[in-house]
Every structure is written in C-alpha cells, then in structure tokens.
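First the structure, in the form of structure tokens, and then the observations on it.
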Amino acid sequence: MIKHIGYEQETLLDKMHGHEQIVFCNDPSTGLRAIIAIHNTTLGPALGGCRMFPYSSMDEALEDVLRLSRGMTYKCAAADVDFGGGKAVIIGDPLKDKSPSLFRAFGQFVDSLNGRFYTGTDMGTSMEDFISASKETNCIVGVPEAYGGGGDSSVPTALGVVYGLRATNKVVFGTDDLAGRTYIIQGLGKVGYKVAEQLLEAGADLYVSDINEEAVKGIQARAKELGGTAQFLEKNDVYKAEADVFVPCAFGGIINDDTIDQLKVKAVAGSANNQLLLQKHGEALKKKGILYAPDYIVNAGGLIQVADELYTYNKERVLAKTKSIYTSLLEIYKQADLDDITTSQAADRFCEKRIQDRKEHNSFFTHTKRPKWEIRK
Ligand SMILES: NC(=O)C1=CN([C@@H]2O[C@H](COP(=O)(O)OP(=O)(O)OC[C@H]3O[C@@H](n4cnc5c(N)ncnc54)[C@H](O)[C@@H]3O)[C@@H](O)[C@H]2O)C=CC1
Ligand SMILES: O=C(O)CCC(=O)C(=O)O
C-alpha cells in the first residue's frame, strides 16, 4: 500500500507502533526542533508533558517521545481521566538552549493541532517555559494559578509517589510506614527533591544521586535540619547500593539487564517514566524477588492535576484522586499475585481492558463528539 513512499518513510511509519500521529516541529529562527507524538485518543484528546533533553540524535528523540506518549495512554486509562496519550520532546539542553521565543514557537505548533494535544511540564521544562507557550495557545496546562492553571504539577506527582511508596512498603514489609527505611533516590529535580524531602520528614534515611550538585547540597542541608541522612552516590553507584527501595526520579530505561544484576533493594517505586527498558525486565525483577511499582500508576499525580485543570480545577478533588494511588497500586499488586504475572503486566491488562471497553462507544476523539472540551479550545 505504501510502496510509492521511499524506504526511509516506510521505516518511520513502521516505528509508529500504533501511534495515531507524529508532528515534527522545526523553527530555525528560534532554534526549536521538537517532536509531538499522539499515541491514542480513544479516551479523549491527547494530554502529556513536554520534555527538553539534549538527545544525541533524532532517532533517540523519536524513540523517547513514542515510548512516553504510549505510556500516557496507559496512565490516563489507569487514572480514569478522559484523555488520551500524547507527549512532546524538544531537542536541546535545558541549561543552555531555552528562550521564551523558543517556547512560543512550540506553543504555535501545539495550537496547530487544534485541541488534539494539551501539554505542560516534564523533565527539563518548567512552569515559566509554559507561560511563554501559553501566549500562543490555550492548550497548555500546569502553569501557575495566577495564569489560570493549577500550579506546579510536580507537587501532586511527588505526593502520589509517596503514597505509592507507602503501598509498596505495606506489601513488602507488612506496614506502610515510611520511617526507619532506606531509599535510594535517583534525580533530585522537580519531583525527586520533593519526594526526598517528604521521606526525610517521615523519618527515612536516603541515598541520593544527581548530576546537579546544588540539588544534592540542598537535600543534604534539609536532611541535617530534619535529623535524617542523605548520603551522596555517584551516578553509576546508585544501582549497587544496599537499601530498602530504589526510587528512580530521573530518566527511563534504568531497569535493564545490567542494573537488575546489581540491585540490592526489595522494591522499585519512583516517578521516572518508562523505568523498564523492556517488558522482560519486569519479569527479571519478579524473578529476583524485587517488587516493581508500575511507573504510570505511581507517577499519575501530575496528570491527575493537569486533567482536572481542564475540567475546572478543584484542589480537594486532585488531592483525593492522588491519594487513591495507594489503593490502585495495592489492587495491581493483588491482581499480579492472583494471576502470577508481573505487576506491569497486571497494570497493562487493566488499562487495555478499560480502553477496549470505551472503544465500543467511540473510537476517535473529535471536538464535535465531546462539546465539553470547547472550554479550552
Ligand atoms: N514533573 C512531573 O510532574 C512528572 C514527572 N515524571 C517523570 O519523573 C522524572 C523526573 O521528572 P522531573 O522531576 O519533572 O524532571 P526534572 O528535570 O525536574 O529533574 C530531573 C533530575 O534528574 C537529574 N539527572 C539527570 N541525569 C541524571 C543522572 N545521570 N543521575 C542522577 N540524576 C540525574 C537532573 O539533574 C534533574 O535534577 C522524569 O522521568 C519525568 O518524565 C512523571 C510524571 C509527572
Ligand atoms: O505532569 C504533567 O505535567 C503532565 C503529565 C505527564 O506528562 C506525565 O505524567 O508524564
């Protein structure tokens, strides 16, 4: 059917793995090079953050955005929000390559999708970046309340991770108490730093790792104030330290053949998206007796908040839904146990069933079918 298209393009289409749409964004005047991927809009318009990272190649950026947007489809289904899966990546160094005009250009590309994609912060991007983008489009979430948003979405994300850690501790240690345990936190950014702080406040001890020295110094000072410890680990030492729980809060793919061999923890639960490099790594963790908290269940707090923003934001509702990550995760653990499958397989099955059920009612999002979305278009 696509024989007339050259080999390269055919390969690109093959890579889409069931995605609906990919948009390549190029604006030489601001230096913007970005990719927006919309995975699936069965449940509603695509919603997902925008990551900025100095990808070494276009292929690497594409691979990341395809994986991240697919994950959002599952995250939206699990969190029971009426949105589909999408994500964006901007190719560039967040420390050097940002400018308000670059984010305005990005906003224009988002706007061109006419309400099929809503976006906000992720790794490497901040609320300030999206204040710029929101000058060009209404399809921006996670900006400060003064700009009509719900504020920093990493706050509920971190809270959800802490509830996820409680649920995980309950299964592994028989109590959901966070105190008296040792956690390895990889990445002290918007989410990781807040998780670290809450764990210290609860009486935990930490190992921490970040390439940003300021973040490490900051959490060590906070640990001192709170009477806990936050021992620094070099980036390659995080996998081999002995602790109760590994809490990945930086990038994906960190659970792989190499790291599973090194891990000396009883559980893995953190905010990073796409923690398992491949599905088989969930099986390898299970075999090793390490409990894995599926990433998109644990890190859904930010999504819950930004989705709520689009319905008309209510803080109490967001808090209640974020807290329910505790029970959702316990359900997934129970189901995985009953079916003797991995926790990620149990989570995937749950989401795929929810999407399939909805598909019987509608298969493709359009504004005319869902007039309620007019509010933000
Ligand atoms: N911000 C949010 O609300 C949500 C974030 N996530 C995911 O959580 C993860 C963290 O997100 P954010 O905190 O927003 O990102 P961020 O960009 O604020 O923080 C990431 C941190 O990781 C550090 N880092 C980079 N390379 C590292 C390495 N080799 N070793 C240790 N640390 C390293 C960075 O210096 C930075 O401090 C990402 O995977 C993101 O996709 C998932 C759901 C929502
Ligand atoms: O947290 C956000 O701002 C949006 C949701 C998202 O991109 C994510 O959960 O990865």
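Just a few scattered comments:
- Protein heavy-atom accessible surface, 1.4 Å probe, per residue over the chain: 44 Å².
- Of Lys96/Lys353; Lys224/Lys266; Lys315/Lys353; Lys135/Lys359; Lys98/Lys286; Lys98/Lys194, pairs whose Cα-Cα distance is over 32 Å: Lys96/Lys353; Lys135/Lys359; Lys98/Lys286
- Under 5 Å from the amide H of Gln21 lie the amide H atoms of Ile38, each residue being 5 or more positions distant or on a separate chain, with H modelled from the backbone and absent for Pro and chain starts.
- Amide H contacts under 5 Å for Tyr118, placed H, 5+ residues apart: Ala46, Leu47, Gly48
- Antiparallel DSSP beta bridges within the stretch 1-135, percent to nearest 5: 60
- Close amide H partners of Asp176, meaning residues 5 or more places away or on another chain with modelled amide H under 5 Å apart, do not exist here.
- Fluctuation leader among Leu206, Leu291, Leu278 - the chain, Gaussian network, Cα springs under 10 angstrom: Leu278
- Three principal axis lengths of the chain [C-alpha, angstrom, descending]: 57, 45, 45
- Structure-based [θ]222 nm, the chain - -39500 (n - 2.57) summed over DSSP H runs of at least 4, per residue, nearest 500: -14000 deg cm²/dmol
- Accessible-area value, Ile297, 1.4 Å probe, nucleic acids and ligands omitted, Å²: 10
- Share antiparallel - DSSP beta bridges, the chain, percent rounded to 5: 30
- Along its three principal directions, the equivalent ellipsoid of the stretch 154-354 from the Cα gyration tensor extends over semi-axes of 24, 22, 15 Å, largest first.
- Mean sequence separation of contacting Cα pairs (under 8 Å, at least six apart), scaled by the length of the chain, corresponds to a relative contact order of 16 percent.
- Packing-based ranking, highest mean first, of 17-23, 199-205 given that Cβ atoms within 10 Å are counted: 199-205, 17-23
- Heavy-atom accessible surface of the stretch 154-354: percent carbon and sulfur, 1.4 Å: 51
The values are calculated or read from the model by the stated rules, or taken from the named source; none is laboratory data. None of these values were measured; they are calculated from a predicted model. Counting neighbours? That spans all protein chains shown, and the Cβs are built from the backbone with ideal geometry, glycine included. The area values use the complete protein model at the heavy-atom level, side chains included, leaving out ligands, DNA and RNA. Shrake-Rupley method; radii C 1.70, N 1.55, O 1.52, S 1.80 Å.
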